[in-house]
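Structure, as C-alpha cells:
Read-outs: derived from the displayed coordinates by stated rules, not from any lab. It should be emphasised that the depicted structure is a prediction, and the values quoted were computed from it without experimental measurement. Backbone-built Cβ (ideal geometry, glycine too); neighbour counts: all protein chains shown.
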Amino acid sequence: MLDNHTLLLPKLLPLFIYIALVVSLGGSGECLKVVNQPGSDRPSDAAAAALKEVLPRVRRHFRNAIVRGDTDFDRSDTFNTVMR
C-alpha cells in the first residue's frame, strides 16, 4: 500500500543524493579532482569544467594523456576541452 511518504520519495531523492564525478590518473589511480553534483544532474554535466581545471596540470607532467569516460561523457563540450 502506498502512503504519502512513498509518493513523495521520488521527488525528494534528487534533493538529498549526490553523485560524485571523480577524475583520476589511470596508471596510479591518484585522485585529481572530485566534484559532488546533485542527483538530478547528469554525471557528465561537470566533466568539461573538471577537465579544464585538471588537464593543464596533467600536461605539465605527461607528454600524452588518454581521457576516458562512459557513453554519457561523449559530449561536444567535453570533447572540445580535451582537444585544446
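Residues whose amide H comes within less than 5 Å of that of Ser24, counting only those at least five positions distant or on another chain, are Leu32 (H built at 1.01 Å from N in the peptide plane). Protection proxy ranking for 21-27, 62-68, 41-47, using the average of other Cβ atoms within 10 Å per residue and placing the highest first: 41-47, 21-27, 62-68.
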